[in-house]
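Shown next, in structure tokens, is the structure this report addresses.
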Amino acid sequence: MSAPRPATAVMLAVALVTVPITAVPLGATLLLSAVAIPAAAASPDCSTAGSTSGAWRAPFSQRYVRTSPFGMRLHPIEHVWRLHSGVDLASVPSAGPVVAAQAGTVTAAVWRPGVGLSVDLAHGDGVMSRYGHLASIAPGLRPGVRVSAGQQLGLEGSTGTSTGLHLHFEIQERGVPVDPVPFMAAHGAPLDGTVTAAPATSKRPETTGIRGLPPATGVRLQSVTVPAAPIPARVRALYVAAGKRYGLPWTLLAGIGMEETRHGAVTATSSAGARGLMQFMPATWALYGVDGDGDGRADITNDADSVHAAANYLAHEGARQGPAGIRRALYAYNHANWYVADVLVYAHTYAASPEPTESCPAAEPKTQGAVG
């Protein structure tokens with residue numbers, strides 16, 4: 001694993017952190033470049049996608065507070081009067097997952113000026129909801145994908161023109177922004193800080209012998225502005241195989257792979273000397289490196305060996321001893337609390353990611369709205 005290493009790039013999100021930052025993962029040097037994803041091919045039953053007759057719920061899965069209302073206001077950064085086209089909501093006690101307020105169809109999952117990383121959902125009858133300033137967008141979301149109420153869309157963040165961690169939640173009716181507070185109250189889901197229950201959904205079968213991942217709490221760094229990247233199929237298969245072999249959630253390994261090298265997209269040796277997909281120091285590799293692909297040797301630059309060695313190390317450090325053990329093992333991997341939080345954010349994002357479903361074409365909403 002990588003040793004704590006000096007920062008090589010300063011992100012906008014760092015300005016929000018009030019504790020001293022002494023180490024930054026190699027992945028923090030990656031520049032965020034999010035672009036609109038092309039719409040998927042049409043499905044023959046697209047006319048039935050989304051309806052406002054379904055149940056509505058709060059866009060969070062934990063308690064939250066309203067921090068800025070809908071309406072004209074002095075923009076907190078640009079210092080001009082303009083329409084705030086939604087309401088700002090912030091999770092407590094710390095940033096958390098953002099979920100769909102009602103079942104719908106994704107019409108956009110993009111980076112926009114002002115609102116930053118955002119997801120738009122069409123709900124039928126001309127109603128659209130927008131979720132802005134996300135730290136990351138759940139993998140697999142693209143125009144045309146259908147989501148259920150309560151399905152995770154991303155993680156609360158501060159991307160775009162923003163003064164702190166929060167969600168910009170917007171409702172549009174036929175392209176015109178409306179105040180979400182009375183709208184949601186009229187639909188049985190008042191934005192009063194409580195979490196309304198999501199419709200029951202079938203749970204995915206457990207793939208490991210432990211109960212699950214601990215929550216991603218505390219100060220974060222990379223995951224605030226760098227979204228979870230899609231995992232190449234070959235690398236995902238390595239995560240799954242290593243997870244089964246060592247009794248760990250494969251998403252935990254995926255979180256490390258994203259944090260360290262964006263699943264192998266970064267191939268350079270780190271400034272501290274760490275190498276490979278999972279960024280091992282040679283001295284640590286000598287103790288925990290394993291032959292992951294069965295070719296008879298443990299190669300620090302071999303992806304299969306690197307992923308299996310990471311699982312071996314985590315298991316040795318107690319990651320099979322429940323959520324608390326996972327936290328201890330991640331801290332041992334790279335001695336920084338923000339690193340633990342970053343990896344868990346990515347791990348939860350991959351765990352919540354739905355498999356792609358049938359798609360329907362959808363147009364971009366008429367208006368963008370002013371956000372902050």
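Annotations for the structure displayed:
- Ala216 vs. criteria assigned to a loop (DSSP other than H, G, I, E, B), in contact (Cβ under 8 Å) with a residue 12 or more places away in the chain and surrounded by fewer than 17 Cβ atoms within 10 Å (Cβ to Cβ): no
- Selection of the stretch 254-291 for residues being small (Gly, Ala, Ser) and surrounded by 24 or more Cβ atoms within 10 Å (Cβ to Cβ) yields Ala254, Gly255, Gly257, Ala274, Gly276.
- Those strands (runs of 3 or more DSSP E) of the stretch 91-157 in which 2 or more residues are small (Gly, Ala, Ser), buried (at least 22 other Cβ atoms within 10 Å of the Cβ) and touching a Phe, Trp or Tyr at 6+ places or on another chain (Cβ under 9 Å) occupy 127-137.
- In the stretch 74-90, residue nearest to the chain's Cα centre (by Cα) [restricted to those that are free of Cβ contacts under 8 Å to residues at least 40 places away in the same chain and part of a strand (DSSP E or B)]: Leu74
- Residue match in the stretch 192-212 (condition: modelled with pLDDT of 85 or more and of a type in the set (A, V, I, L, M, F, W, C)): no
- Whichever residue in the stretch 125-148 is of a type in the set (Gly, Ala, Ser) and within 18 Å of Gly86 (Cβ to Cβ) and, among such residues, is nearest to the chain's Cα centre (by Cα): Ala135
- Leu167 fulfils the conditions (1) more than 26 Å from Met72 (Cα to Cα); (2) modelled with pLDDT of 90 or more except for a single criterion, (1).
- Matching entry among Ala108, Ala185 (being at pLDDT below 90 and either closer than 22 Å to Ser85 by Cβ or assigned by TED's automatic domain parsing to the domain that holds Asp342 (or both)): Ala185
- Looking only at the stretch 223-271, and only at residues there that are under 15 Å from Ile300 (Cα atoms) and of a type in the set (Gly, Ala, Ser), the one that is nearest to the chain's Cα centre (by Cα): Gly257
The values are calculated or read from the model by the stated rules, or taken from the named source; none is laboratory data. Just so you know, these numbers come straight off a predicted model, no measurement behind them. Note that each Cβ is placed from the backbone with ideal geometry, even for glycine, and that neighbours are counted across all protein chains shown.
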